[in-house]
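Colleague: Please read through the structure below; I'll follow up with questions.
The values are calculated or read from the model by the stated rules, or taken from the named source; none is laboratory data. Just so it is clear, the model here is predicted, and its values are computed rather than measured. Using ideal geometry, Cβ is built from the backbone for each residue, glycine included, and neighbour counts are taken over all protein chains shown.
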Ligand SMILES: NC(=O)c1ccc[n+]([C@@H]2O[C@H](COP(=O)([O-])OP(=O)(O)OC[C@H]3O[C@@H](n4cnc5c(N)ncnc54)[C@H](OP(=O)(O)O)[C@@H]3O)[C@@H](O)[C@H]2O)c1
């Protein structure tokens, strides 16, 4: 099969199309003929050598999510049949003609969605459902702030929070990105290059914050949170260290938490997948959530897709079509 391989740690140019053996599914896995794969920021970190894949993933083929057709299945797989159209969260290996996935980490392609659209879902939906709703406990009527609102994660967080009845705020790095966040359901989006989000939101107060930026945002987030507020970290792209006033955490009874998805075990991911099928899939199929695909590249042009991601010009998801 054709696959995009990280030939060395480095810039986008280290991604090369090569011929590889088609992987074989284990008893509880399916082999997917990949139609489309999502590009995620963690793929960029992996390409640079800063985010080693887990031992059970292909070591040099990136790709955390795909959509396609089940070509083969292991003997223990009962819930899927050969020929089913699925999207799947992978441990790696998605930038390829075929990928293996745990059967329990596959979900049906939502009705009316294309393969490219369906492949844009797993990584961000799993991350947002786990961190905003399960870990952060966001409820209807609460105020929710997501930083990086125009990222793949951001567009998913805005739409799901809105669909579940929260009042949504976002930050992003340009007026166009802010407009896109508001078009997706944010009540107010703040261009952090021209406005201070803490100043804008301090009289509103926020119940749950999803942050991937860290750095100078950490103290501001803590100050913005309402009593019993929750601050959830999924990355800290601008730095992971800050001085925190523990008195403020006690006084407001705050919860500071966070998680990384990729290193969680298969049992956890299967439970998360079941929860998403029950709670999120009806929202996707109701039309309250729309895929936001910024640009689709051919598999062989994965380097250009990474270049675009690193420019941070995009709004929403960057995809590869096989
Ligand atoms: N913990 C987990 O399980 C998990 C899972 C998936 C993703 N993540 C993390 O979630 C974040 C978003 O992922 P994604 O795939 O949605 O990414 P993405 O689409 O590439 O978006 C990242 C956005 O963050 C903003 N940004 C602000 N400061 C930045 C900086 N120092 N470097 C790069 N970008 C910066 C940029 O928009 P502006 O123009 O608005 O600045 C950029 O478009 C990433 O940090 C990723 O590692 C975590």
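Colleague: Would you kindly identify the helices (runs of 4 or more DSSP H) lying entirely within the range 64-178 that contain at least 3 residues that are surrounded by 24 or more Cβ atoms within 10 Å (Cβ to Cβ) and modelled with pLDDT of 95 or more?
Modeller: Because the criterion is at least 3 residues that are surrounded by 24 or more Cβ atoms within 10 Å (Cβ to Cβ) and modelled with pLDDT of 95 or more, the helices (runs of 4 or more DSSP H) in the range 64-178 that meet it are 122-128, 152-163.
One line per residue, one yes/no per condition, for (1) assigned to a helix (DSSP H, G or I); (2) within 9 Å of the ligand (Cβ to nearest atom); (3) closer than 21 Å to residue 124 by Cβ:
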residue	(1), (2), (3)
181	yes, no, yes
189	no, no, yes
200	yes, no, no
209	no, no, yes
218	yes, no, no
223	yes, no, no
228	no, no, no
235	no, yes, yes
248	yes, no, no
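Colleague: Here is a further query. Quick check on residue 42: is it surrounded by 17 or more Cβ atoms within 10 Å (Cβ to Cβ), touching a residue at least 12 places away in the same chain (Cβ under 8 Å), in the same structural domain as residue 295 (by TED's automatic domain parsing) and touching a strand residue (DSSP E or B) at 6+ places or on another chain (Cβ under 8 Å)? Break it down into steps so the answer makes sense when it comes.
Modeller: On the way: surrounded by 17 or more Cβ atoms within 10 Å (Cβ to Cβ): yes; touching a residue at least 12 places away in the same chain (Cβ under 8 Å): yes; in the same structural domain as residue 295 (by TED's automatic domain parsing): yes; touching a strand residue (DSSP E or B) at 6+ places or on another chain (Cβ under 8 Å): no.
So residue 42 fails the test.
Colleague: Go through the range 267-322 residue by residue and tally those that are over 16 Å from the mean Cα position of the chain (by Cα), over 12 Å from residue 39 (Cα atoms) and within 15 Å of the ligand (Cβ to nearest atom).
Modeller: The number of residues fulfilling the criteria is 3.
Colleague: Of 244, 204, 213, which residue is at pLDDT below 95 and either part of a helix (DSSP H, G or I) or in the same structural domain as residue 130 (by TED's automatic domain parsing) (or both)?
Modeller: 244
Colleague: Working only within the range 141-172, note down all residues that are more than 16 Å from the ligand (Cβ to nearest atom) and out of contact with any helix residue (DSSP H, G or I) (no Cβ under 8 Å at 6 or more places or on another chain).
Modeller: 141, 142, 143, 162, 165, 166, 167
Colleague: Moving on to the next point. Condition test on residue 68, is it in contact (Cβ under 8 Å) with a residue 24 or more places away in the chain, under 21 Å from residue 45 (Cβ atoms) and in contact with a strand residue (DSSP E or B) (Cβ under 7 Å, 6 or more places away or on another chain)?
Modeller: When the stated conditions are applied, residue 68 does not pass them.
Colleague: For the range 292-322, name all the residues that are in contact (Cβ under 8 Å) with a residue 12 or more places away in the chain, within 21 Å of residue 146 (Cβ to Cβ) and part of a loop (DSSP other than H, G, I, E, B).
Modeller: Those that are in contact (Cβ under 8 Å) with a residue 12 or more places away in the chain, within 21 Å of residue 146 (Cβ to Cβ) and part of a loop (DSSP other than H, G, I, E, B): 292, 312, 314, 315, 316.
Colleague: Follow-up question, since we're still on this one. Pull out all pairs, ordered by first then second residue, where Cβ-Cβ is under 8 Å, the residues are six or more apart or on different chains, the first lies in the range 193-218 and is more than 21 Å from residue 162 (Cβ to Cβ), and the second is more than 16 Å from the ligand (Cβ to nearest atom) and not in a loop (DSSP other than H, G, I, E, B).
Modeller: As it stands, the answer is 198/223; 198/224; 202/223; 202/224, since those pairs meet every condition given.
Colleague: If a residue has to be closer than 26 Å to residue 251 by Cβ and within 20 Å of the chain's Cα centre (by Cα) to count, how many in the range 182-231 make the cut?
Modeller: Going through the range 182-231, the residues closer than 26 Å to residue 251 by Cβ turn out to be 190, 196-211, 213-231.
Okay, now just the ones that are also within 20 Å of the chain's Cα centre (by Cα), so 208-211, 213-214, 230-231.
Residues meeting the conditions: 8.
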